[in-house]
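A short worksheet on the structure shown next.
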Amino acid sequence: MASKNGHLRKPRVAWILTHRIQYFVNLIDLLHQRGNIEISLFLGCATGSINDKEFGKMIDWDNRTLTSFPEHFLQSPQDKPLPGFLKSYSSSLASELDKWQPDYLYINGYTDAIAWQAFLWARSHRKPFALRCDGDTLVKKNALKSGIRKKIAAFMTTRADKVTFQGRENKIFWQQNGASEPQLEWVPCVPDSEVYRKQIFETSSDRDVYRAKLNAQKADIVAVVNGKLIDRKRPMDALEVLVKLKDRNFKLWFLGSGELEQALSKRAIELGAGDKVQFLGFKNQSEIPDILQAADFLLHPSALDPWPYSILEAAISGLALVLSNHTGSYPDWMAAPPAGSVFRCGDIEDMARVIKGFLDNPANLKTCAKNARTRASEYTESAFCEIFEALVLRATVGPKTH
């Protein structure tokens, strides 16, 4: 593409976000390093430390603290966000985009003001854009509100160059919100490989020693619940299932924090399960792989979770997956050969049935764990970059000619 002085330049991509999201940093960093496109991050507000109300903690993420890509902070940290839809509104986004002059925009979602501002800028400047979000179709919604939202979303969706999806349910979600088949493009969701793809334990004995520190013996089967301890994640279901399995060599690790932490601890005592449960609290990214690789399977009882990165992290770590049927990515993980088993959300008996199946058949547990790791190998930063660069180049430069 020609610059103002007539020299060729690479296509410029503006990635639009309300705030800095840890699971995109590794992707943007690698895209910038590869050098095939120019990429810059436009953030609705500056976020160093994040006050995550659901975790109940002030968080400083510890992955990719030093990055190579440029960032545009549209509000200063002391600015108070506006309530509701307008919380991400930026009076400076248009002027910042005018200065940088992107050739392509990648917009995260359609439910924030900054997304619509970016959309309107792209339309007025005749620039192509792509959309992404984590939506699924598994949870029943109010029909009237859902219909209105779909019509609003379709106004943006039908005008996009591409709509990226990250799994079967996410694709169906976008189709219901106006995306046509030619618009849809699969891109992998990818946690930071520098963190999750390294082998923690050199030997099985090293792993046994680590597990013993968390009150798990070699013969125990350990499930880890990884996520915020809040109502929609239904962590209490995982605790209640211990009653059904109290005579088995089954133990449970809660990895995370949140408003239900004290209630869970109290309930564990009431159930007489104190020796079978470990509350590990919130852990930063660099601390998570040790715990995951020491466990045997991930237990994910959530009632509302469109695309949990914690599931992909567990699969990368070689864990079998036990997922509720309200988990947006479960159809992808349960496709043949399955990486685990699924249960009906909120059904403790059904959850116990699935877990018993693994306790009674450890060989199947290992097979599912192997399948999970194999499937997870499809989700890499390089795969994302190759797909993303191709769709940008097609829209801004056009197909190669010979």
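The values are calculated or read from the model by the stated rules, or taken from the named source; none is laboratory data. Nothing here was measured: the structure is a model prediction, and the numbers come from that model. Here the Cβ is made from the backbone with ideal geometry for all residues, glycine too, and neighbour counts use every protein chain on show.
So which residues in segment 244-255 are farther than 22 Å from I59 by Cβ and either within 29 Å of the chain's Cα centre (by Cα) or touching a residue at least 40 places away in the same chain (Cβ under 8 Å) (or both)?
Start the filter on segment 244-255 by keeping residues that are farther than 22 Å from I59 by Cβ, which leaves 244-252.
Within segment 244-255, K244, L245, R248, N249, F250, K251, L252 qualify.
Go through (1) more than 18 Å from F55 (Cβ to Cβ); (2) under 30 Å from the mean Cα position of the chain (by Cα); (3) small (G, A, S) and name the single condition S265 misses.
So the condition that S265 fails would be (1).
Please report, ordered by residue number, the strands (runs of 3 or more DSSP E) entirely within segment 1-62 with at least 1 residues that are farther than 17 Å from L97 by Cα and modelled with pLDDT under 95.
Details: elements: 12-17, 38-43, 50-52, 57-59.
Output list reads 50-52, 57-59.
When only residues in segment 138-159 that are modelled with pLDDT of 95 or more and in a helix (DSSP H, G or I) count, which is farthest from the chain's Cα centre (by Cα)?
Among them, the one singled out is F155.
Based on what the data block shows, is W333 under 24 Å from A130 (Cα atoms) and either among the hydrophobic types (A, V, I, L, M, F, W, C) or in contact with a strand residue (DSSP E or B) (Cβ under 9 Å, 6 or more places away or on another chain) (or both)? Reasoning before the result, please.
Values: under 24 Å from A130 (Cα atoms): no; either among the hydrophobic types (A, V, I, L, M, F, W, C) or in contact with a strand residue (DSSP E or B) (Cβ under 9 Å, 6 or more places away or on another chain) (or both): yes.
Answer is no for this residue.
Quick test for you: out of G272, G258, pick the one residue that is in a loop (DSSP other than H, G, I, E, B), within 22 Å of the chain's Cα centre (by Cα) and of a type outside the set (S, T, N, Q). Spell out the reasoning first.
Details: G272 fails: within 22 Å of the chain's Cα centre (by Cα).
Criteria check complete, one pass: G258.
Would you check which residues across segment 289-332 are of a type in the set (F, W, Y) and out of contact with any helix residue (DSSP H, G or I) (no Cβ under 6 Å at 6 or more places or on another chain) and list them?
Step one: of segment 289-332, the residues of a type in the set (F, W, Y) are 297, 307, 309, 330.
Answer for segment 289-332, where residues must be of a type in the set (F, W, Y) and out of contact with any helix residue (DSSP H, G or I) (no Cβ under 6 Å at 6 or more places or on another chain): F297, W307, Y330.
So which of K233, K266 is in contact (Cβ under 8 Å) with a residue 24 or more places away in the chain and outside the structural domain of F165 (by TED's automatic domain parsing)? Steps first, please.
Numbers: K266 fails: in contact (Cβ under 8 Å) with a residue 24 or more places away in the chain.
Result of the check over K233, K266: K233.
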